[in-house]
Amino acid sequence: MNMNISTQETVFFLLAAVIVVFSILTVTTRRILRSATYLLFVLFATAGIYFQLEYSFLGAVQLTIYAGGIIILYVFSILLTNQQADEKLERLKNSKVLAGALAAVAGVGITLFLLLTHPFGSSRLAGGEVPVKEIGTALMGTGKYQYLLPFEVISILLLACIIGGIMIARKR
């Protein structure tokens, strides 16, 4: 058995470990701001994996949209909400903990099933990364398998979140 691990594999395992550790910290911490910070580390490590796979467009989108915009939106929404709610956290009932554990086990089971049954090597594109022009046409097109409508719906949802945050801040 050959145990030579390349630098690329070492970086992948390091990024995967960061994702796993900070994902667990994100959902187990009681402080919301720390949770958002841990989520930011998860998103950065995910972008690192995209860059390692030579999907530079996805890595750039991950950094700008998720790690940049969404985390800032989370932080502003956290800072605009009631700080006393953080101090009055109630203990979870055993039924909720059991339901969460069952959902986590089901998620791990589905993930393992998909990893073990999907032929990942044969599904990779022959030319590598899809050109950015094709991605832009697919995102902004109105035809079949094009995503202008979901793109606009998401922008309306984010606008509604911003307006909701402003309304909450004004009530104070």
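The values are calculated or read from the model by the stated rules, or taken from the named source; none is laboratory data. Every value quoted in this text rests on a predicted model; they were computed, and no experiment measured them. Virtual Cβ from ideal backbone geometry, glycine too; neighbours counted across all protein chains shown.
Among the listed residues 42, 21, 75, which satisfies the condition of being surrounded by 14 or more Cβ atoms within 10 Å (Cβ to Cβ), hydrophobic (A, V, I, L, M, F, W, C), without any contact (Cβ under 8 Å) to a residue 12 or more places away in the chain and in a helix (DSSP H, G or I)?
Step by step, each of 42, 21, 75 is checked, and only 21 is surrounded by 14 or more Cβ atoms within 10 Å (Cβ to Cβ), hydrophobic (A, V, I, L, M, F, W, C), without any contact (Cβ under 8 Å) to a residue 12 or more places away in the chain and in a helix (DSSP H, G or I).
Condition check ((1) in a loop (DSSP other than H, G, I, E, B); (2) modelled with pLDDT of 80 or more) across all residues:
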| site | (1), (2) |
| --- | --- |
| 60 | no, yes |
| 64 | no, yes |
| 85 | no, no |
| 91 | yes, no |
| 108 | no, yes |
| 116 | no, yes |
| 128 | yes, no |
| 167 | no, yes |
| 170 | no, no |
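So that you can scan it fast, the table gives a plain yes or no per residue for (1) under 20 Å from the mean Cα position of the chain (by Cα); (2) surrounded by 10 or more Cβ atoms within 10 Å (Cβ to Cβ); (3) not β-branched (Val, Ile, Thr):
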residue	(1), (2), (3)
131	no, yes, yes
138	no, yes, yes
142	no, no, no
151	yes, yes, yes
155	yes, yes, yes
158	yes, yes, yes
168	no, yes, no
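Quick test for you: out of 77, 23, pick the one residue that is hydroxyl-bearing (Ser, Thr, Tyr), under 29 Å from residue 160 (Cβ atoms) and at pLDDT 85 or above.
After applying the criteria, what remains is 23.
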